[in-house]
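The structure appears right after this line, and notes come after that.
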Amino acid sequence: MSQPLISLCIPTNGVIEWVFPVLDSIYSQNVDNELFEVVVTDNGNNAEFKAKFDEYQKNHENLFYFRSSGYEFLSEPDSYKNAKGLFIKFINHRTKVVPGALEYFINWINENKEEKPFVYFTNGVLAKEKTFEFNSFDGFVRGLSYWSSWSTGMAFWKEDFDSIPKDTVYNFLFPHTTILFSQKNRKKYVIDDKILLDEIPQGKIPKGRYNLFNAFGVEYPGIICDLLRNKDITPETFVCVKNANRTFLSTLYLDYIILKRKCSYDLSGYKESLRVFYSDKEIRNEGLIKLLIKIIKRIIFVKKIKVVETIMNKKKIKKIGGGYRLGHKSAEIISFRLVA
């Protein structure tokens, strides 16, 4: 097999419910197998997963399996080491490739393989579905904002990965940032916001067990701070990314500390973690403001529903002691909206 244009790399710990729908989404694209390969790197211990994979692999000669000793997220760079494609695209083991996406990646590679810009695929999170171009690393980092903490958008030329020293120590929680921030002198950087992936609902399977607030309150802003100290980015860009990350942290605080939603993350020491680059009170207050805004929006929404239902049930309105009440159907709908 000649060098494929693209390697789709899927690090996993062997979750059957996620990986195989992702593989199905790739092989249902009807793209010539010579143009791509799929590299699955497994650091789990699920014998059932391996047995099912062996059966699946029999029908796909461009599908490869490798064991990884990398703990947790460190299996990600291991997957890249086994890739042979001209271009490498990270695929999260629970994000399906939408129809036409593989062809989109291949066309993008063919159109850019001479100039070879550095690219990140934000998958619609910027709510623009546009393409943004930058002529400086500083502009690229600012454009990505706190989304640079998210590995799902990772994509790069194999030669860029090969240029990273073999003995490089990757960040335990954000290993992708070593690659993402390795190319500081490119003539062109691209952020492509087209939606190309579709995340599988988490269900009852734990998404992560790491210390959440240490990761995003200490480790990630520390990585951005290193860029500032090395003069790779400007103070203005550092502040921009740091502030955007603070807003993200306030959402996590609202979900898991204020509302106490169930999760598999380690939430211990959250106050101490938030005090390294931020103020835990500041983030708490921002979280409370978000909660207040949600409540206000819900009240406004319910009032609108009430007016609409009153009109819809006009014929069902009954007069009671000089006043009026809505029919049962309308009252039931409003009640549902309140608890939804």
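The values are calculated or read from the model by the stated rules, or taken from the named source; none is laboratory data. It should be emphasised that the depicted structure is a prediction, and the values quoted were computed from it without experimental measurement. Neighbour counts run over all protein chains shown; Cβ positions are idealised from the backbone, glycine included.
Couple of notes before you dig in:
- Count - residues of the stretch 88-106 that are over 23 Å from ASP78 (Cβ atoms) and among the β-branched types (Val, Ile, Thr): 2
- Any hit, the stretch 213-233, residues being over 30 Å from PHE20 (Cβ atoms), at pLDDT below 95, surrounded by fewer than 17 Cβ atoms within 10 Å (Cβ to Cβ) and among the polar types (S, T, N, Q): no
- Taking residues in the stretch 82-107 that are under 13 Å from VAL40 (Cα atoms), and partners anywhere that are modelled with pLDDT under 95 and charged (D, E, K, R), the pairs with Cβ atoms closer than 8 Å and at least 6 places apart or on different chains are PHE90/GLU76; ASN92/GLU199; ARG94/GLU199.
- For the stretch 66-84, a residue qualifies if it is over 20 Å from the mean Cα position of the chain (by Cα) and crowded, with 21+ Cβ neighbours inside 10 Å, and the qualifying residues are SER68, ALA83.
- Looking only at the stretch 237-246, and only at residues there that are surrounded by fewer than 19 Cβ atoms within 10 Å (Cβ to Cβ) and touching a residue at least 40 places away in the same chain (Cβ under 8 Å), the one that is nearest to SER149 (Cα to Cα): ALA244
- The stretch 105-124 - residue that is surrounded by 15 or more Cβ atoms within 10 Å (Cβ to Cβ) and out of contact with any strand residue (DSSP E or B) (no Cβ under 7 Å at 6 or more places or on another chain) and, of those, farthest from TRP157 (Cα to Cα): TRP108
- Whether a residue is modelled with pLDDT of 95 or more and either touching a Lys or Arg at 6+ places or on another chain (Cβ under 9 Å) or more than 29 Å from ASN13 (Cβ to Cβ) (or both) was assessed, and ASN107 passes this test.
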